[in-house]
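I have placed the structure first, in the form of structure tokens, so that the comments after it can refer back to it.
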Ligand SMILES: Cc1cc2nc3c(=O)[nH]c(=O)nc-3n(C[C@H](O)[C@H](O)[C@H](O)COP(=O)(O)OP(=O)(O)OC[C@H]3O[C@@H](n4cnc5c(N)ncnc54)[C@H](O)[C@@H]3O)c2cc1C
């Protein structure tokens with residue numbers, strides 16, 4: 001599998017991975033399920049005002065907002081297919097958050113005003129997604145609700161404190177559910193010791209969401225070129241020259257929207273500033289009515305636990321279970337069946353009635369960790385190269401907002417005075433040893449989740 005720490009670009013016209021999202025969308029004969037029409041590969045040299053590299057949510061949202069709000073028709077260059085990266089591989093959880101930093105630690109570091117400003121941007125992310133869906137994107141939105149489940153009793157107390165902070169600060173609509181309430185009213189997860197329920201999270205089909213953005217962006221005037229990897233990048237006389245296999249795109253401004261798929265040595269602005277980490281998903285065969293009853297699985301709410309090495313799951317509209325957690329460390333090991341099998345055994349420890357269940361789909365994708373646990377939307381000194389990345393595995397909703405803010409930056413408009421938008425990604429110290437640090441963190445997380 002493509003490994004961003006080793007390879008120069010993520011492929012050239014590669015097909016979608018064998019994911020549930022891609023297979024079900026492509027198998028269906030309904031016209032809406034065909035991959036959206038695009039503008040083909042770059043086959044000749046062109047000059048453009050703005051080029052965007054990467055056709056995931058970030059790049060597509062940036063292209064859409066540039067066209068609609070700033071009358072700039074950007075050209076999006078995607079190595080493979082629209083949403084071939086994380087945007088077509090994720091779990092489809094829409095949550096009012098991004099990064100990994102808690103609101104309490106934001107408040108301690110930057111004060112209340114900044115913390116509130118960041119919260120407002122996270123809310124705006126969900127609002128932006130909802131507004132775009134309301135334009136007619138068919139992405140199988142499920143009934144609202146996000147359960148954050150305590151994986152041990154002490155974590156339920158921590159969750160209650162978190163709920164109090166968010167209720168006091170933001171008047172956030174959060175319910176605290178006891179262990180009995182979770183198991184009787186939502187699902188009988190044997191590893192659940194209580195939960196918070198956020199009424200505004202929900203699950204959707206992430207690939208169809210991206211296809212919807214793609215169609216809206218093109219309708220607004222953006223061009224989307226698939227099978228167009230940027231394999232080299234030169235800056236000549238203040239112009240950016242993006243070399244693709246069959247043509248050079250010369251641009252005044254370039255947006256890097258490659259997140260966890262950013263190749264090795266791509267650009268000095270982002271080099272050694274992110275850590276790509278594999279997240280693994282399985283999707284099981286459909287549950288029978290008897291299995292659903294035995295698990296008391298009453299909800300389609302999205303679920304995540306409180307472990308350092310988190311597990312997340314949801315029941316899909318066709319009664320399959322999507323279950324996710326950490327994957328391999330390197331691209332070389334990404335397809336080792338050990339990782340999906342491990343997820344299946346954790347799922348069965350939560351729901352022993354599923355002991356004979358198998359998975360039918362397994363895939364993984366590169367999430368993008370930043371050193372300071374928040375995303376950054378930033379640019380170089382002369383305002384010719386921009387980026388948005390570092391969502392730390394939580395970017396489905398915020399990437400829409402990041403794309404919108406990127407578009408404002410590209411158009412020369414002011415954006416909120418928040419660390420998200422006004423500070424660059426910090427560099428990882430000892431960057432060549434990032435994977436060793438990740439390995440150490442995984443061992444620490446395993447110990448913490450089991451014993452502390
Ligand atoms: C398994 C998994 C589960 C997840 N679940 C959730 C979830 O439930 N909720 C949530 O909020 N977040 C989730 N995430 C994270 C979320 O999917 C990402 O934050 C989000 O999709 C990032 O979108 P993006 O557009 O920035 O990047 P991507 O969607 O990764 O797009 C980057 C694109 O750049 C292209 N590219 C890279 N290099 C080049 C090049 N040289 N030339 C041309 N193109 C290039 C790639 O091919 C890729 O298509 C999950 C991620 C994974 C992997």
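What number of residues within segment 204-232 are farther than 28 Å from residue 24 by Cα and surrounded by 18 or more Cβ atoms within 10 Å (Cβ to Cβ)? Within segment 204-232, residues that are farther than 28 Å from residue 24 by Cα and surrounded by 18 or more Cβ atoms within 10 Å (Cβ to Cβ) number 1.
In segment 56-63, the count of residues that are touching a residue at least 12 places away in the same chain (Cβ under 8 Å), more than 10 Å from the ligand (Cβ to nearest atom), within 19 Å of residue 248 (Cβ to Cβ) and buried (at least 20 other Cβ atoms within 10 Å of the Cβ) is zero. Going by what's in this entry, would residue 424 be described as touching a strand residue (DSSP E or B) at 6+ places or on another chain (Cβ under 7 Å), within 16 Å of the ligand (Cβ to nearest atom) and at pLDDT 95 or above? The answer is no for residue 424. Scanning segment 267-295 for residues being within 15 Å of the ligand (Cβ to nearest atom) and either buried (at least 20 other Cβ atoms within 10 Å of the Cβ) or in a strand (DSSP E or B) (or both) gives a total of 12.
The residue list 136, 85 contains one member that is under 30 Å from residue 15 (Cβ atoms) and buried (at least 20 other Cβ atoms within 10 Å of the Cβ), which is 85. Looking across segment 389-415, the residues that are assigned to a helix (DSSP H, G or I) and under 9 Å from the mean Cα position of the chain (by Cα) come down to 398, 399.
Filtering 384, 399, 364 for residues that are assigned by TED's automatic domain parsing to the domain that holds residue 192 and either touching a helix residue (DSSP H, G or I) at 6+ places or on another chain (Cβ under 8 Å) or more than 13 Å from the ligand (Cβ to nearest atom) (or both) leaves a single hit, 364.
Name the residues in segment 87-136 that are away from the ligand (no atom under 14 Å from the Cβ) and either in a loop (DSSP other than H, G, I, E, B) or assigned by TED's automatic domain parsing to the domain that holds residue 401 (or both), would you? The answer is 101, 102, 111, 135, 136.
Is there a residue being within 23 Å of residue 95 (Cα to Cα) and part of a loop (DSSP other than H, G, I, E, B) anywhere in segment 374-388? Checking segment 374-388: at least one residue is within 23 Å of residue 95 (Cα to Cα) and part of a loop (DSSP other than H, G, I, E, B). Just to be sure I understand, how many residues within segment 176-213 are free of Cβ contacts under 8 Å to residues at least 40 places away in the same chain and either within 27 Å of the chain's Cα centre (by Cα) or not in a loop (DSSP other than H, G, I, E, B) (or both)? Count: 6.
The residue of segment 214-244 that is nearest to the ligand (Cβ to nearest atom), among those that are in a loop (DSSP other than H, G, I, E, B) and touching a helix residue (DSSP H, G or I) at 6+ places or on another chain (Cβ under 6 Å), is 222.
The values are calculated or read from the model by the stated rules, or taken from the named source; none is laboratory data. As the structure is a computational prediction, the values presented were derived from the model and not from experiment. Counting neighbours? That spans all protein chains shown, and the Cβs are built from the backbone with ideal geometry, glycine included.
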